[in-house]
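Report on the structure given below.
The values are calculated or read from the model by the stated rules, or taken from the named source; none is laboratory data. Everything quoted here is computed from the prediction, not taken from an experiment. Neighbour counts are summed over all protein chains in view; Cβ atoms, including those assigned to glycine, are modelled from backbone coordinates with ideal geometry.
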Amino acid sequence: MQTVTIEKDKLRETIEANKTLHEQEYQEAMLGYREAFDKQLMQKRKALKKGELPDPYFNDLPKPAEHTNEYEQVLKMLDFSVDDTIELSHDEFSRYILDDWGWKRDFKMSSSNYKK
């Protein structure tokens with residue numbers, strides 16, 4: 001199957017739910033990121049107080065990326081559509097229904113660093 005036709009309201013509902021989940025995952029990841037950043041900052045401050053010169057970079061702390069705008073763009077497109085049903089390609093179905101975006105794997109990996 002190459003395409004599927006979906007009721008616009010059902011599509012909107014699914015994208016909204018996926019967006020909400022992404023926002024929650026992002027906020028959780030950012031809390032963990034801030035804690036990890038603060039911990040490294042404190043370690044670097046301790047090293048400075050001892051007279052050491054710590055590495056000034058935080059390269060091992062990948063910052064979680066927020067992609068809410070991508071969900072919002074699709075939702076806005078639905079707002080402007082005059083159709084009651086929307087035809088989705090295989091790729092669109094993967095993104096909008098299955099929440100499998102091109103960035104999703106990287107987001108999950110970077111976010112997993114900060115889960116409690």
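All of 94, 111 fail the test of being part of a helix (DSSP H, G or I), touching a helix residue (DSSP H, G or I) at 6+ places or on another chain (Cβ under 9 Å) and surrounded by 14 or more Cβ atoms within 10 Å (Cβ to Cβ), apart from 111. Within the span defined as the range 41-48, every residue fails to be surrounded by 11 or more Cβ atoms within 10 Å (Cβ to Cβ) and under 14 Å from the mean Cα position of the chain (by Cα). Name every residue in the range 59-89 that is under 16 Å from residue 7 (Cα atoms), touching a residue at least 40 places away in the same chain (Cβ under 8 Å) and assigned to a helix (DSSP H, G or I), in order of residue number. Passing the criteria: 74, 75, 78. Applying the condition of being touching a residue at least 40 places away in the same chain (Cβ under 8 Å) and of a type in the set (Lys, Arg) to the range 1-15 and asking which residue is surrounded by the most Cβ atoms within 10 Å (Cβ to Cβ) yields 12. Among the small types (Gly, Ala, Ser), touching an Asp or Glu at 6+ places or on another chain (Cβ under 9 Å), at pLDDT 95 or above and more than 16 Å from residue 110 (Cβ to Cβ) - does that describe any residue in the range 74-82? Looking through the range 74-82, none of the residues is among the small types (Gly, Ala, Ser), touching an Asp or Glu at 6+ places or on another chain (Cβ under 9 Å), at pLDDT 95 or above and more than 16 Å from residue 110 (Cβ to Cβ).
Within the range 97-108, the set of residues being in contact (Cβ under 8 Å) with a residue 40 or more places away in the chain and in a loop (DSSP other than H, G, I, E, B) comprises 97, 99. Does the range 26-39 include one or more residues that are of a type in the set (D, E, K, R), more than 29 Å from residue 100 (Cβ to Cβ) and not in a helix (DSSP H, G or I)? For the range 26-39, residues of a type in the set (D, E, K, R), more than 29 Å from residue 100 (Cβ to Cβ) and not in a helix (DSSP H, G or I): absent. Scanning the range 49-58 for residues that are assigned to a helix (DSSP H, G or I) and either surrounded by 11 or more Cβ atoms within 10 Å (Cβ to Cβ) or in contact with a strand residue (DSSP E or B) (Cβ under 9 Å, 6 or more places away or on another chain) (or both) returns no hits. Any idea which residue in the range 35-50 is nearest to residue 112 (Cα to Cα), counting only those that are in contact with a Phe, Trp or Tyr (Cβ under 7 Å, 6 or more places away or on another chain) and of a type outside the set (S, T, N, Q)? Per the stated criteria, the residue is 36.
Selection of the range 20-30 for residues being loosely packed, with under 14 Cβ neighbours inside 10 Å and in contact (Cβ under 8 Å) with a residue 60 or more places away in the chain yields only 21.
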